[in-house]
Each structure stands twice: as C-alpha cells, then as structure tokens.
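Engineer: Mind looking over this structure? Questions follow.
The values are calculated or read from the model by the stated rules, or taken from the named source; none is laboratory data. The model shown is predicted, which means the values in this text are computed figures rather than measured ones. Methodologically, a virtual Cβ is constructed for each residue, glycine included, from the backbone with ideal geometry; neighbour enumeration extends over all protein chains shown. SASA here: full protein model, heavy atoms, side chains in, ligands and nucleic acids out. Shrake-Rupley method; radii C 1.70, N 1.55, O 1.52, S 1.80 Å.
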Amino acid sequence: MDRHDKEVIPEEVLPVVIIGNGPSGICLSYLLSGYTPYLSPGASHPNPLLHSKLREQPHLSLLEQDLEYLCEGLEGRSSNPVAVLFDSLLLPDSDFGLDHSSPLEWRYEPERAVPHLVLGKGPPGGAWHAMEGSMLTLSLANWMELPGLKLKDWIREKRRSVRNDRATPTEIASYYQHYVSQMLLEQNFACGTTVTSVSRQPGDQEEEEEAAPPCWRVTGLQRREGEELGEGSSLSEEVPFSMLAHNVVLATGTHDIPARLGVEGEELPHVCHSFWELEAAISRGELDQSSDPVLVVGAGLTAADAVLAAHHLNTPVYHAFRRSVTDPGLIFNQLPKLLYPEYHKVHQMMIQQQYEPDPQDHTQNLQDPSSPSSLPPLSSSSSSYPGYLSFPRYRVAAFRPDRKCVLESDSGRRTVVQISKALVLIGAHPNLSFLGDNGRSLGVNPEEPITCRRNPVEADPFTNKVSAAAGPGLYAMGPLVGENFVRFLKGGALAIASDLAKTQREGGRWGGGAARTGPEVLDS
C-alpha cells in the first residue's frame, strides 16, 4: 500500500514537509528524490554567456552551482531570476517559438535524496483536477510539462492525433498524476490531507550535545477509507495527525478562495465567481444568443476564457476591467501573439469594441439607476466583433436584484447595463488558514492579504526562503511567490532543492542539530 492510502506516521522528524501537491510540490519532490540535473556532455546552449558559465564546472550538478552567478545577465518573462534560468535550461528560446533541445541531462542519484512528505487534499496535480472538463485553452503543452517526462509524447500515447501543441486541463491533471507514479514518487505523497496548523516548535531545553533543535509542527486531518458499504463505496473518516519537520515548503497555489469585489449585491444568485459556474450554466442550456449579455469582470486569462466561451455560443458579452487596454501590466500585452492567437483575439476585441458613452448622456448623475443608459446594439453587424462590448477602466459599483449592474468609469461616469449573469474573475486568494492571520505577515505588504499578483509572499529570490518566517526552514514557491505559469514555478523547486543540498553539504544536520528518533505523529 502506498502513501496515497496509508497513515501519515513518520518515525522521526522529517527533513522536509511540502504542503500542496500541485505541479510545484511534484517538481520539488522529483528533485528531492535524487533526480539531479547536469550539463550534458557535448551539449550547447543558445545563450553563449550562460553556456560559457555552465562549461566552467561541468562535473558539478546544477544543485551544486552558484545559481546567482548563473542567473546574471539573463532576461525572461518572469521576475524571478532562478525561474528564468531553469526555464532557459529546460526550454531554450521557447519564447521565440523555437524547439531547442535542453542541454541538461537527468541522473538518478539516490544518495542525494532528501526524505520528504508531500501533503495534498486530493490526488497529485492539485487544482488541475478541479478544472477537469473545462473549455479553457491552455499554454503550449511543453510549457506545462515537468522534468523527465515529455508531455507531448505522453499525450500522443493517449490520443491518436495531436492536432496542435495545446492540452486540455483533463489531460494535464492526468499527466501530473501519472508523473508521480512513473517517477516512483508515490511513497512521498500523502493525499487526502488537510493541514490545519503550522507552528514553530521550540527545541529541547536540555544542554546536551545531541539536543533536538527547534523545528516546525504540522498538524491536520487525513481522510481514510473505512468500512466497505458495497458497490465499490466505503465510509471515510478524518483522522487527526501531527508531525515535526525541520523544513516546511508552502506550495498551496492561489486558487482556493476567489477574490471578491466587495460591492453591493455581490451575493445575488446571478453573480458568480468562477469559470466553472459559467460552464455549468452553459451545460444547463441557460445561455444562448437570445440571452441578455453576460458581464465578465476582470482582465486576466480566466476572464478571457470566459469571453471566448460565451462568444463561442453567440451569447452577448459585456467586459469590464480596471486597466487601460494599453497598460503594460495587462497580461495580453505580455504574451507572444503568435503563440497565443486566441488571447490576442480577445485583446483585439477589448481594443476595437470599446464602449464610448454619449456625451449628452448624463447617466453618471443618476440618483436611482433603474433604467440603463443607451448602449450600442451588441448584435450590430457593422462591428468587427458583434455581440461584444468592452468597458476599459470601469469598475462595478453595484449589482441589482433585477439583474441590472451599475458600472462606474475612472471619471465617475455611471452606466447601467441589463445582464443575465455576472462572472467576477479577478483572481483568487490562497487558503493559508493554517498560518496565523492567514499568513498576512509573510507578504510583501504585511497589511494586505496574500495574493499572487499584488501581494505575494516575500521570499529570497535565490533560495525561496520566506523572509518574515518565525524561524529558519520555511520556504514558499509557485503562485504564492508570484509564479502563475507552470514553466516558471519549476525555478522555485530548483532554488529550494539547491538550498537544501547546500545544507547537507555544510554538515548534513537539518535545522542545526540532530534529528530526534521515535514516533512523532500524535493522534489527538
């Protein structure tokens, strides 16, 4: 029986516990299991400076090299230097649509393995399993893959033809689950676990040479299957667990709690906060070309997917967002047009089909916005994209029970629109309820909640150590530190694995002292 089903009972203080079993946690588990990257003999990198640096010590693995030195002079689509480095080594020049082979080779060196446990609520893959069945159009398949197993090759085995370089969320979720099995990582994964508390544990007070150092206590609940009910079903129960770890890695992602606008009427039943609610409405046949417009709020990729999904059904769409269409911070202005044609199309819609209020319309002065201002017909055949209208630099002022929505521009002009459904897709907050004050003190701005884009966890860029941690040995990776794309979150795994390897080389004592022995999981 593997760790997917067995009890969480390590016999000593674990060197590493990873909270989150999405692609971040899986990639780190791969590196901690002894899979080690080296510069392949005879290989070259298209960046001559990086290639020259890698050739200086080719006998050393990437985990033993000075990452900060290797990162110098590199540029890419991430603000994290190690993410840019690792992406450049795994997918050289991929931003230009080129398919250079990686100069890295992976060697399995079990003597380098670091004992660890990956905790996750569901099966390996994390939030990707919640996206199954989605109509989302995703990144290039090779950008979604993890080291050692080509996603495109795996997909080709699953379906007869691969018409393009894209993959569905169902395929991605299945790939990550298969990856854990294929790479023999299952013994390190404890699924069905919900962490409820992470706290700093003081060390032994005795003044002994082998006294245990301070470490982290991780407590929570593990779902276990119980009595068989017949027909393949069984009762399940949640059993408390408690363990000690010298190092804890936060890899929970940020898709747990949808961000909210905090405006009047946001709790009304026609106001939704996830793309999946749109899919459910579509599957129920609630939306078609005769429906009142769907209002999409937000200017990220999920909002763009909602626009595409509704537009595909010829359902009219109003699209409101706070930024200007030319804002450099807008994600569409950062994506290569040739590699993301569908998102480029949405951006073109946002630019070409902007709402232009009638200067004679004084709707902004309405005290009782009960009747909508005059809007151009969405079905107009003269427009480039009939059935769509964007509202750049507008915010939602209120939702009304009669399915009217009050939009307000930067200048204070108010416009009232009649809608069938609203989709508020403005990002999400991570669930860090197992930390004090939801981990707020760990953010770049400790006065604000943790969010991926506006207020990520503050961490050292070359080790991913959390800057404001209550003690040493707390790391964060993935969306928690601002890395939304799988291709870049792998850099966090490299940074953490490299730092842990350095700890081993400098004495091999986790947390500065010897590990305790004996059972450390307490059923309370």
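Engineer: Taking the conditions exactly as written (open to solvent by 10 Å² or more (accessible area, probe 1.4 Å) and assigned to a loop (DSSP other than H, G, I, E, B)), does L308 satisfy them or not?
Structural biologist: On the way: open to solvent by 10 Å² or more (accessible area, probe 1.4 Å): yes; assigned to a loop (DSSP other than H, G, I, E, B): no.
Judged against the criteria, L308 is not a match.
Engineer: With the requirement that a residue be touching a residue at least 24 places away in the same chain (Cβ under 8 Å) and of a type in the set (D, E, K, R), what does region 259-280 give you?
Structural biologist: R260, E264, E266, E277, E279
Engineer: Out of (1) under 13 Å from L119 (Cα atoms); (2) modelled with pLDDT of 90 or more; (3) assigned to a strand (DSSP E or B), the odd one out for S199 is which?
Structural biologist: Every condition holds for S199 apart from (1).
Engineer: Quick one: L432 ticks every box in (1) in a loop (DSSP other than H, G, I, E, B); (2) open to solvent by 50 Å² or more (accessible area, probe 1.4 Å) except a single one, so which number is it?
Structural biologist: Of everything listed in (1) in a loop (DSSP other than H, G, I, E, B); (2) open to solvent by 50 Å² or more (accessible area, probe 1.4 Å), L432 misses just condition (2).
Engineer: Report, by residue number, each residue of region 381-403 that is open to solvent by 30 Å² or more (accessible area, probe 1.4 Å), modelled with pLDDT of 95 or more and either of a type outside the set (D, E, K, R) or in a strand (DSSP E or B) (or both).
Structural biologist: Hits for region 381-403 are R395, P401.
Engineer: In the list A468, A515, which residue meets the criterion of being surrounded by fewer than 17 Cβ atoms within 10 Å (Cβ to Cβ), at pLDDT below 95, part of a loop (DSSP other than H, G, I, E, B) and of a type outside the set (S, T, N, Q)?
Structural biologist: One residue alone meets the criteria, A468.
Engineer: Follow-up. Note down all Cβ pairs under 8 Å where the first residue falls in region 30-45 and is closer than 11 Å to W106 by Cβ and among the β-branched types (V, I, T), the second is assigned to a loop (DSSP other than H, G, I, E, B) and open to solvent by 20 Å² or more (accessible area, probe 1.4 Å), and they're at least six residues apart or on different chains.
Structural biologist: Close Cβ pairs satisfying both conditions: T36/E109.
Engineer: Here is a list of conditions, (1) assigned to a loop (DSSP other than H, G, I, E, B); (2) at pLDDT 90 or above; (3) open to solvent by less than 20 Å² (accessible area, probe 1.4 Å); (4) not charged (D, E, K, R), and H45 meets all of them except one; can you say which number that is?
Structural biologist: Going through (1) assigned to a loop (DSSP other than H, G, I, E, B); (2) at pLDDT 90 or above; (3) open to solvent by less than 20 Å² (accessible area, probe 1.4 Å); (4) not charged (D, E, K, R) one by one, H45 breaks only (2).
Engineer: Another question about this same structure. Given the structure, is G285 under 21 Å from the mean Cα position of the chain (by Cα) and in a loop (DSSP other than H, G, I, E, B)?
Structural biologist: Numbers: under 21 Å from the mean Cα position of the chain (by Cα): no; in a loop (DSSP other than H, G, I, E, B): yes.
In short, no.
Engineer: Let me ask another. Let me confirm something: among A127, A83, which residue is modelled with pLDDT under 90 and part of a helix (DSSP H, G or I)?
Structural biologist: Residue meeting the stated conditions: A127.
Engineer: Say we look at region 311-347 and pick out the residues that are within 24 Å of the chain's Cα centre (by Cα) and β-branched (V, I, T); which of these is most open to solvent (accessible area, probe 1.4 Å)?
Structural biologist: Filtering region 311-347 for residues that are within 24 Å of the chain's Cα centre (by Cα) and β-branched (V, I, T), the one most open to solvent (accessible area, probe 1.4 Å) comes out as I331.
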